[in-house]
Amino acid sequence: MSAPHERTTAEVNGIKLSYLSQGSGPLVIFMHGFPDLAFSWRHQMAVVSEAGYRAIAPDMRGYGDTDAPADPGMYSQFHIAGDITALMDQLGERQAVLVGHDMGANLAWAMATFVPERVRGVAVLSIPHKPRGAAPPVAAAPPRFYQKLFQTEPEEIDLHQKVHTFLPGIFDRLSGSSELGAPPSLIVPEGMHFSDLFTPPKAAPAWLGDDELATYISTFERTGFRGPLNWYRNIDTNWQTFAPWASQQVRVPAAFIIGTDDVAWALFKNNGVIDSQPERVPLLLDMRVLEGVGHWIAQERPEEVNDLLLNLLAKLDA
């Protein structure tokens with residue numbers, strides 16, 4: 001059995017980055033999304049480290065125990081990719097397998113495109129590799145789309161004020177096991193906040209647990225949401241700066257997994273993006289769709305996600 005994960009802080013790319021580390025061997029870096037933390041990968045880190053790899057899961061820039069610069073301009077995809085490559089350098093590794101979920105999934109696809117020499121392979125959860133699109137995504141979105149609201153300070157303040165109800169609510173409603181049924185639309189009705197879409201459940205989701213939920217709540221109660229929302233405040237900037245790679249395929253070995261109850265499933269299935277993955281990612285070695293699984297796939301169905309990861313790692317080592 002490998003030792004439990006340890007927490008370490010590193011000076012990288014001008015910030016202090018806090019990360020969990022478990023095991024030894026070739027490097028696998030786990031990158032979370034919103035509103036998540038490094039420990040969301042606890043099920044995967046244990047299995048990957050047991051298989052002979054060094055599993056690293058940062059609290060990403062703006063989250064948890066990692067520094068959260070106040071300036072939104074310091075959260076572009078290039079800034080955050082710089083955090084990850086600088087961490088690789090500090091660990092003495094030229095390459096890593098990147099595992100990403102949600103906003104971390106977008107980062108994994110991006111790094112596989114513009115720094116492929118640093119990326120041995122990618123395993124991506126929930127968010128497929130998307131075409132760039134003809135216009136900046138947030139600017140082109142409907143007026144009450146949640147990402148557009150995330151550009152504003154009142155939304156940030158509201159999330160912090162309602163952290164005790166928002167986090168239980170979003171973890172429940174965007175899972176595949178909510179008693180309230182299908183997830184809500186991400187278009188926020190007039191006069192409401194994003195947090196109002198998520199009624200808290202009577203108890204923590206079974207796949208999460210009371211202690212884990214308490215960790216999330218206490219952490220975001222301390223840190224607030226400015227750092228996490230600053231990621232969204234760079235979506236249109238990322239669209240602009242990514243122009244040189246707009247037509248480029250991802251040409252590193254890859255695996256992709258998504259659940260049919262994920263809010264991303266309907267969006268990207270209906271517009272053909274999921275079906276286009278083999279074309280957009282020529283080295284897609286594994287693609288799985290899990291029935292009845294929601295957005296928090298690594299925690300809702302850890303066994304299936306772990307199998308995907310071990311399968312990809314085995315193919316990379318073959």
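The values are calculated or read from the model by the stated rules, or taken from the named source; none is laboratory data. Bear in mind the structure is a predicted one, so any value in this text is a computation, not a measurement. Positions of Cβ are backbone-derived with ideal geometry, glycine not excepted, and every protein chain shown enters the neighbour counts.
Couple of notes before you dig in:
- From the list 135, 141, the one residue that fits, being among the small types (Gly, Ala, Ser) and either under 16 Å from the mean Cα position of the chain (by Cα) or buried (at least 17 other Cβ atoms within 10 Å of the Cβ) (or both), is 141.
- Flag for residue 112 being closer than 20 Å to residue 42 by Cβ and outside any loop (DSSP other than H, G, I, E, B): no
- If the condition is being of a type in the set (Gly, Ala, Ser) and surrounded by 17 or more Cβ atoms within 10 Å (Cβ to Cβ), then the stretch 240-262 contributes 254, 255, 259.
- Within the option set 234, 271, being within 24 Å of residue 80 (Cα to Cα) and polar (S, T, N, Q) holds for one residue only, 234.
- When residue 265 is tested against (1) in contact with an Asp or Glu (Cβ under 8 Å, 6 or more places away or on another chain); (2) surrounded by 17 or more Cβ atoms within 10 Å (Cβ to Cβ), just one condition goes unmet, and that condition is (1).
- Of the residues screened, residue 125 is one that is of a type outside the set (Lys, Arg) and buried (at least 20 other Cβ atoms within 10 Å of the Cβ).
- Elements of the type helices (runs of 4 or more DSSP H) sitting completely within the stretch 128-174 and holding at least 3 residues that are among the acidic types (Asp, Glu) and either at pLDDT 95 or above or in contact with a Leu (Cβ under 6 Å, 6 or more places away or on another chain) (or both): these cover 153-161.
- The one condition in (1) at pLDDT below 95; (2) crowded, with 24+ Cβ neighbours inside 10 Å that residue 45 fails to fulfil: (1)
- Filter pass, residue 218 being out of contact with any Leu (no Cβ under 9 Å at 6 or more places or on another chain), of a type outside the set (Val, Ile, Thr) and either at pLDDT below 95 or assigned to a loop (DSSP other than H, G, I, E, B) (or both): no
- Residue list for the stretch 222-249, filter: closer than 19 Å to residue 66 by Cα and within 20 Å of the chain's Cα centre (by Cα): 223, 224, 225, 226, 227, 228, 229, 230, 231, 232, 233, 234
- Residue in the stretch 61-98 that is nearest to residue 25 (Cα to Cα), counting only those that are out of contact with any strand residue (DSSP E or B) (no Cβ under 8 Å at 6 or more places or on another chain) and among the aliphatic types (A, V, I, L, M): 81
- Of all residues in the stretch 134-176, those that are hydroxyl-bearing (Ser, Thr, Tyr), touching a residue at least 24 places away in the same chain (Cβ under 8 Å) and more than 28 Å from residue 211 (Cβ to Cβ) total 1.
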